[in-house]
1. Take the Cα gyration tensor of segment A:22-103, multiply each eigenvalue by 5, square-root it, and list the three semi-axes largest first, rounded to whole angstrom.
2. For every other residue with a beta carbon closer than 9 angstrom to the beta carbon of A:Leu104, add +1 if it is Lys or Arg and -1 if Asp or Glu, then tell me the sum.
3. With a cap of 13 neighbouring Cβ atoms within 10 Å, and only residues DSSP puts in a loop, list the GluC sites (Glu not before Pro) found in segment B:284-343.
4. Scan chain A and hand back the longest stretch that contains none of the GluC sites (Glu not before Pro) lying in DSSP loops with at most 15 other Cβ atoms within 10 Å.
5. For segment A:106-229, take N as its residue count and report Rg(C-alpha) divided by 2.2 N^0.38 Å.
6. Share of antiparallel DSSP beta bridges in segment B:223-311, in percent to the nearest 5?
7. What does the charge count around A:Ala329 come to, taking other residues whose C-beta lies under 13 Å from its C-beta (Lys +1, Arg +1, Asp -1, Glu -1)?
8. How much length is gained on full extension from A:Ile378 to A:Asp134, taking 0.36 nm per residue of separation minus their Cα-Cα distance?
Amino acid sequence: MEARGAVEPAGGTLERAPAWLLGLVPLLLIVAGIAVIAALGGPGLGERKGPPVEELSVERTVLHPGEIELTVRNDGPDPVTISQVIVNDSYVDFSADEQKVGRLDATKVKIPYPWIEGESYETQLLTSTGGTIDHEIPVAVETPSKDSSFYGLMALLGLYVGIVPVTLGMLWLPFVRRISAQWLRFLLALTIGLLAFLAIDATFEGIDVAGEGSQAFGGATLVFLGAAVSYLVLAAIAGWSAAAVEGSRERSRTRGWEIALLVAIAIGLHNLGEGLAIGSAYAVGALALGAFLVIGFAIHNTTEGLAIVAPVASRPPTLMRLVLLGAIAGAPAIVGAWIGAAAFNSSVAALLLGVGVGAIAQVIQQLAPAIRDRSGPILRPLTVAGILAGFAIMYVTSLLVNI
Amino acid sequence: MLAALGPAVGAGVAARAGLLGSDGASTALAGEAHHETAAAVPAAAHAGEGHLGFPDGARVDHRANGFDPAELLRDFDHGKVTRLASGRVLREWELVAQDREIEVAPGVKFAAWTYNGRIPGPALRCNEGERLRIRFGNGSEHPHTIHFHGIHPAEMDGVPGIGLGTIQPGKSVTYEFDAEPFGLHLYHCHVTPLIDHIHKGMYGAFLIDPRKGRPEADEMVMVMNGFDTNFDRSNEIYAVNTVPFAYMNDPIVVKRNELVRIYLVNLLEFDLVNSLHVHANFFHYFPTGTSLEPVEYTDTVMQCQGQRGVLELRFPYEGRYMFHAHQSEFAQLGWMGFFEVKD
């Protein structure tokens, strides 16, 4: 109160003004100041030196019989004009929605070209300044057309690599109910190992994917941004639901269900990313759909089912809830495959992979207390062995599904 | 729509037919492929028909460039002729180095260095034994010279550090020497880095006619060149007389059975060799044009940078005949054209 009194003589008027006004005035001044600088074109700075910066990245390549279509985004600070197109050291006919591509804008360049299946093509966009934007099509394969049978195929793929293996993995529930508390802790530690591996894997996958396409929207930053956002949002949800059931008798049971749900969501987000990778690889012909791939994913992803059921070992939920958990964890693979094959965008893919990583980090944090022996530390020989076993399983099974 | 593989393969054959031109399309297989492609994807068939190349209607603005390959072709600069006291012919030219932005492909600008604002520079033409005087003013922002191929004293050689040496911006000098030996030669800037000073456009043909002359003919000069527009030390653009596909758009019209003489000079940078192939015909080849007896009767000739030669041929049939580098890459990147033979 004394401090308040001391400033009163000087700031009497300000003190009486409403708080919202004090917040608003600086904002308006900032807007006005920036507007003045912008209107005057940054007085005193002069024109930028040097030639225009030309950065284009090819976001998407679509091949139809006799035609190559590139979706090109301008990553750089200046507009870029595509004047000519070269394919395999030949000038080619082309048409573009807009030959002049503004900052962050995208355009489609359609090139009638008699490409041959299985061969590789080097495309170069020659700009008005004579610069070239190179883009390689490593293996030319017709882009699947997006009819209902295509979406059906992607759904089937998602079912094989997502829902089926996860659900199969959940069949370990009766087993985990019977084992001793100590071995359950081992299994939970194993789950943590599995999830940690997935998180690391997805992080690098995300960084790779982000590096392939346009950097205009943040590139690899999107992976970490996605991870931070999903971690924080899930942490808030977990905190809110924990508060809601505080003191309830159902506490321990609800707690198990909650964690299982969180694990399912995290794995679901991860499988969304996995679906994306599969769908986009299929769309560009880089993926052979075969029994080997499906078997590989089945083995890889059944471990995810185990991760879901381990937290609910003591008080298993109803069958309906189990089915729901399986769907939450597995079905996003279908959605991911659709998105990946139909509208793959490296920025979106990087963000989604990051979201999966954040979700896994949050789940690991939720699971960690459960592997603690009443009073002991989290990392004991048994739990460490569990985590390492999780790594090993994931590492070995991931070798089966390298795409 | 046909099945995935069908049109792709068909179109591939069509493309090959396109590359080879009219003679390639005469086989039944290629003809059929053309047809199939046309049914499946009109655009691809069009690409095959048009021998690939720039999109339809895309032309370089010759007026803005200040020169048109169609006119350069038969444009020989005979200079200003006077007589010395001895009665000997004195032939004089003025060349000015100029920095110019040139549209080297439709919509693609290139910061060129030129003689007299054009690439190639003027085709200087004189007679054996004349006294030649070339006044050179450097209006460029960079130092330049003119280095002539021919026989002359060291101080007139147009290289840095010897004789007239390097000509700084704003300065001018006069090169003077005798026209010898007769034949087809060239001139270019000899300031280092040579790659820049040559490939940015500072070169031209230098023709010394023999005393007894050559038979009457429809004469044309073709300077084979290219441009590295993205500074990766390889060419994005290949051409004769600078503009890619220029003679595809405007075929060179010649008369049936009339003698055609081509003065062919290679100034291509970055690539080791260049070549010229004339379709459906053969020509007599006079390397460097220093002899009036041909050494070869052929339809394809190869030249390294600075090499040149004279070609003589007659077209016995009417119609359109392609000519192009017989390196497919160069051809498809612009070094391709047509003769149109008329009665």
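Quick note: the coordinates plus some simple rules give every number you see, no bench work behind them. Remember, it's a predicted structure, so these values are computed and weren't measured experimentally. Virtual Cβ from ideal backbone geometry, glycine too; neighbours counted across all protein chains shown.
1. 41, 17, 9
2. Taking every other residue near A:Leu104 into account, the sum is 0.
3. Those that pass, being in a loop and sparsely packed, are B:Glu318.
4. The longest such stretch corresponds to A:251-403.
5. Details: Rg = 22.6 Å, N = 124, 2.2 N^0.38 = 13.7 Å.
Rg over 2.2 N^0.38 Å, computed on Cα atoms: 1.65.
6. 90 percent
7. -1
8. This chain segment gains 82.7 nm when fully extended.
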